[in-house]
Amino acid sequence: MINLNTQARLNILLPSMNKALGEAIENATPEQLETLKEGKDIKSFLNSLFNDKLTSTKSDTLLLDILKNNSAFKTMGSLTDNLASLIQELKTSPDFAPKTTVLEKFLKNIALIDPQSLQHQINNSGVFMESKLAHAIQKIPDLTQTLEQLHPLLSKNSTQSVKALQEKISTLLNSPHLPNASLNSQSALSVSNALKEIQSSLTALLTKTDPLYSKEVLELSQKLNQFTLVHEIKTSLSQLYGALLSSKAPQSNDLLDSIEKLLKNLDTPAAEELKTFTQQLRHAIKEGDSSKELSTLITKLSTFTNPKELVTETFLRESMSNDLKSNLLSLSEELKASGEPNASKMLEQVDKILTQIDYHQLTSYLGNANSIYFPFSWETLEGGSMAFKKTGEKKFYCEINLKLKEYGEMNLMMGLYENNQLEIRVHTEKEELKTLLHEHIGALRSALIDAGLHLRSIRITHSHENIAHQPYDGDSETNSGFEVKV
């Protein structure tokens with residue numbers, strides 16, 4: 001999902017600003033337009049502009065359907081091919097030849113693909129340009145919010161070192177440098193240095209967490225439920241007592257009292273009393289342990305420690321210089337003011353590519369996912385797109401749609417869960433491609449294992465089979481070994 005501020009959302013979702021939406025509405029049927037004009041539904045659509053999108057409205061679904069079935073977008077060809085043609089035209093003009101150096105960076109050959117280059121091409125594809133703008137504007141508010149989230153977590157620990165750390169955080173929150181960090185480099189540097197000190201203190205704090213939240217206490221609490229012999233229970237309770245004596249957590253005194261009572265009555269142990277204590281202990285650990293939250297916030301703070309990235313103008317200058325849409329918009333303005341004979345032709349090509357980028361921005365928003373064109377140059381590819389989506393806590397889905405010059409259409413639906421468990425469905429237009437894929441399943445599985453992924457199952461079908469092509473939903477998870485269905 002692309003997170004945008006209000007104005008950026010309007011730019012993507014108003015026909016006058018988004019070329020793809022204007023094209024879609026222009027080619028919509030009277031019935032489709034009538035549905036979009038329904039008062040109740042259009043209200044929900046407009047409301048969704050100003051809220052985080054978690055679900056799709058009826059208007060979203062309809063517009064997404066119009067976009068995906070609009071022949072105008074299907075005949076635009078590969079974005080990378082269109083970009084290559086534009087670059088060739090620019091090279092014929094001395095005034096615009098320097099632009100080719102910038103634009104050629106977006107024509108990386110697929111043979112050079114690796115995780116770093118893939119991330120770079122996606123980040124700078126132009127689809128996330130408005131998101132970068134929103135991110136730049138939100139940097140200082142996000143930093144302020146992160147610092148404020150630290151206070152309630154640290155208040156659970158009353159040691160002098162923690163109080164000193166809270167004082168540092170309060171000083172930074174009240175410092176005039178914080179709101180000014182987005183405007184000038186001196187304030188940004190001051191904030192960055194203060195953040196590094198806070199981050200260092202937080203890291204040190206994590207290594208000295210209260211004994212109540214230690215691994216030793218957690219393991220002892222788990223063992224108590226497993227022991228049946230009195231001497232085993234007594235040993236564990238005594239070890240717990242010793243560990244909690246140095247604890248400063250507010251729950252520790254009550255826990256120590258409970259252990260003393262249990263030890264006094266250990267000759268005639270009551271199973272219910274022991275069970276009550278273990279529940280009390282686990283609740284105290286769960287209620288007070290802020291280590292995971294602190295670790296998350298420390299990681300988040302690290303994203304704000306570069307003073308150059310805190311200054312909005314500097315951050316945008318660097319990030320926009322590598323963004324395809326930003327460069328195309330700049331080129332469009334230059335072409336409009338140019339007297340070059342080929343300027344109008346090149347402007348048409350620029351508008352075509354911008355429309356393709358707008359298409360993916362709009363489908364990302366309407367589909368509540370990240371949709372992007374295939375961001376690599378590939379001679380055998382006519383066109384392609386990718387969509388990424390996260391559902392639940394740790395489930396990720398990716399759909400790749402390719403149109404190959406020799407083998408026709410190929411659709412891949414992939415689901416990743418439990419960090420490294422992968423399921424793949426492949427749908428091919430031609431039988432030859434299906435056979436070719438089957439022959440190389442072993443090599444694919446080996447490559448995935450080298451990348452730390454376990455291929456749980458792969459299913460390959462083609463268009464002549466009676467198996468519907470549906471987006472991957474992850475419902476086919478299997479606990480068996482590697483499964484192949486062709």
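The values are calculated or read from the model by the stated rules, or taken from the named source; none is laboratory data. What you see is a predicted model, and the numbers here were worked out from it, not measured in a lab. Positions of Cβ are generated from backbone atoms using ideal geometry, with glycine treated the same way; all protein chains shown enter the neighbour counts.
So the values come out like this:
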{"item": "Breaking point among (1) exposed (fewer than 12 other Cβ atoms within 10 Å of the Cβ); (2) at pLDDT below 85, for residue 257", "result": "(2)"}
{"item": "When residues of the range 308-346 are limited to those that are small (Gly, Ala, Ser) and in contact with a helix residue (DSSP H, G or I) (Cβ under 6 Å, 6 or more places away or on another chain), the one modelled with the lowest pLDDT", "result": "319"}
{"item": "Residue list for the range 166-204, filter: modelled with pLDDT of 90 or more and aliphatic (A, V, I, L, M)", "result": "169, 172, 173, 178, 181, 183, 188, 189, 191, 194, 195, 198"}
{"item": "From 347, 362, 329, 381, residue being assigned by TED's automatic domain parsing to the domain that holds residue 105 and either of a type in the set (Gly, Ala, Ser) or touching a residue at least 40 places away in the same chain (Cβ under 8 Å) (or both)", "result": "362"}
{"item": "Checklist (1) farther than 30 Å from residue 89 by Cα; (2) touching a residue at least 24 places away in the same chain (Cβ under 8 Å); (3) part of a helix (DSSP H, G or I) applied to residue 296, failing item", "result": "(2)"}
{"item": "One residue from 419, 411 being surrounded by fewer than 17 Cβ atoms within 10 Å (Cβ to Cβ) and either among the polar types (S, T, N, Q) or at negative phi (or both)", "result": "419"}
{"item": "Residue 133 vs. criteria crowded, with 19+ Cβ neighbours inside 10 Å and in a helix (DSSP H, G or I)", "result": "yes"}
{"item": "Residues (under 18 Å from residue 333 (Cα atoms), touching a helix residue (DSSP H, G or I) at 6+ places or on another chain (Cβ under 8 Å), of a type outside the set (Gly, Ala, Ser) and assigned to a helix (DSSP H, G or I)) located in the range 92-114", "result": "99, 100, 102, 103"}
{"item": "Residue list for the range 416-447, filter: of a type in the set (A, V, I, L, M) and part of a helix (DSSP H, G or I)", "result": "433, 436, 437, 441, 443, 444, 447"}
